[in-house]
Structure formats: structure tokens, C-alpha cells
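Each remark here refers to the structure printed beneath this line.
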Amino acid sequence: MAKNFYEEFASIYDEMMEDIDYEQVSAFITKRIENDCSNLLEVACGTGNVTEHLVYEDFYITAFDLSEEMLIGAVNKMRRFKNVEFHTADMIDFDFKQKYDACCCCCDGMNYINRDNLNKFFNNVYTHLEDEGWFIFDVSSEYKYRSMDKSYVYDKDNVFYVWENEIDEEKINMEINFFCQSNESKSDDKYKRITEFQTHYLHTNENIIADLKKIGFINIESFDGYTENELTEKSIRSTFVCRKA
């Protein structure tokens, strides 16, 4: 996908994620870490929708994502802020050669990691945290994926897209076809097609907690999304809060 088309695609991505209350997500994180945090590491920041709220807090943010195209959207949103920097890096083997007071990974970032790499990711986060540092993250739950329809059709404004899901044991293969008007074609009603392939992985709450304990995280709590409500079998999003020993 050409980068000069990304500005449109970024807006499509943000529209797809419009059901997420980013203000609630950032408020939940801030409430936990605000008295203990001067610098925060944000993993898989995407187009910066969570960052955009956290940047108003009194700490410095280092945010990264594997997708350079996604980061274009994030940088464009926050050019005026001096307390945030963006990097291109992989969730599994990132190395910023410093430690942070807190780390967060929001909005399904964890679901891009397979079971074999989960321990590597947790261990890398642990290494990057100061003693007693906070780790807050979420996953789309097994219940959510198991109850999803095989296909969805969305028609919003100038974007039409078809989302198809195929569950293969602990893996969800997704094919998303976007049909959207580019800036060049809006005058003649021609649409461009963008096809996006993604793979998400199922992680049970039991496996996550067991892996966190194995790495050395303590004070592990789990919630129904970014609320103070208890996690249930029918929670759509599982949110975990823990600390480095």
C-alpha cells in the first residue's frame, strides 16, 4: 500500500475501532500509574489513539509499532507534543536499552502474538521495567472470538468493507476487503480496493496468568475491559494489571 494513500487508510482504521472508548482506557491506565510513573512504554501503539489521551499526563511516553504506516497516523496526531517519541520495532524483540516505570499494550496488540512467543514478550517487558514497575495490557477474549460471526459487512460514509473470519484451533485468520474513495477519485465515484490479511491468536486467561507468574510478575489482577468490574466468562475484553517484583 502506497504511503501517500495512508492518510485515508488511517482514518478507516480509526473508524473500525470507534467502538473503543480511548478516554476510558487512558483513564484506567493513568489511575493505576500516575503516582509512580515518570516514563511510560507503549507497545503496539497503532495510530496513537491511546497515546493521544495519555500524552496530556505528566510523564514521558516512548511508543512503538511494527507498522511504519500506522506510525504515520500517530506522528501526525501528536507533532505538537514534546513528551512523546515514536519508534518502529517488533513486539517480540524490541530493545530500547533503558527501563520504564510502566508499560501498556492496548486494543488487541497481544492478540498478534502466538503462544510460543508470549513468554518472550512478557520477559522483554519485564526486562524493560524498573522494580515494581506497572504492566497493563488487554486481550480480546476467547469468548469474543468463539462467538464471532464468520463474516461482517460494514457500510459507513465513503467506506464499504467486508470482514471474514476463519477460526483454526487457537488461530483466527481474517481477510478484510475495503472499498473506499481516494482523494483523487471522489469526483467520479470510483473506489479503491484494499485487502488486508491479519492473524490473531487466542490466549486463555489461565495461560496468561500462569505465564506472568512464571516470568516473575506479582499482584496480578484481571478486569472486564477497562473497568473495575470482575472478569467473567463472557467478557469481550480481558484487561490485566500486574507489577514487576
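Coordinate-derived values only; no laboratory data. In this text the structure is predicted, and so the values were computed from the model without any measurement. Backbone-built Cβ (ideal geometry, glycine too); neighbour counts: all protein chains shown.
Brief remarks follow.
- Karplus-derived 3J(HN,Hα), 6.51/-1.76/1.60, for each residue of segment 35-40, Hz, glycine and proline x: 7, 10, 10, 10, 9, 10
- Multiplying the residue separation of Lys171 and Glu23 by 0.36 nm and subtracting their alpha-carbon distance yields 50.3 nm.
- Links that overshoot a 20 Å alpha carbon limit, given the list Lys144/Lys214; Lys214/Lys244; Lys120/Lys214: Lys144/Lys214
- Length-normalised contact order for the chain - Cα pairs under 8 Å, 6+ apart - percent: 17
- Our estimate of slack between Lys99 and Val162, defined as 0.36 nm per intervening residue step minus the Cα-Cα distance, is 18.5 nm.
- For Tyr60, the residues whose modelled amide H falls within less than 5 Å of its own, excluding neighbours fewer than 5 places apart on the same chain, are Asn39, Leu40.
- Label-point separation, Ser147 to Glu130 (7 Å along Cα→Cβ), nm: 4.0
- Answer label for Rg and Dmax of the Cα atoms in Å (calculated), chosen among (1) 17.9, 55; (2) 18.3, 60; (3) 19.7, 60: (2)
- Rounded to the nearest whole Hz, the Karplus-based 3J(HN,Hα) values (6.51 cos²θ - 1.76 cosθ + 1.60, θ = phi - 60°) of segment 222-230 follow the sequence 9, 9, 7, x, 9, 10, 8, 6, 5, with x at glycine and proline.
- Which listed pairs, of Lys97/Lys213; Lys82/Lys213; Lys150/Lys213; Lys31/Lys234, have C-alpha distances above 27 Å, in listed order: Lys82/Lys213; Lys150/Lys213
- Considering only alpha-carbon pairs that sit under 8 angstrom and 6 or more positions apart, the relative contact order computed for segment 20-159 is 23 percent.
- R0 of 22 Å, Cβ-Cβ distance Lys214-Ser38: FRET efficiency to nearest 0.05: 0.15
- Taking 0.36 nm per residue of sequence separation and removing the Cα-Cα distance, the Asn117/Leu66 pair yields an extension gain of 16.8 nm.
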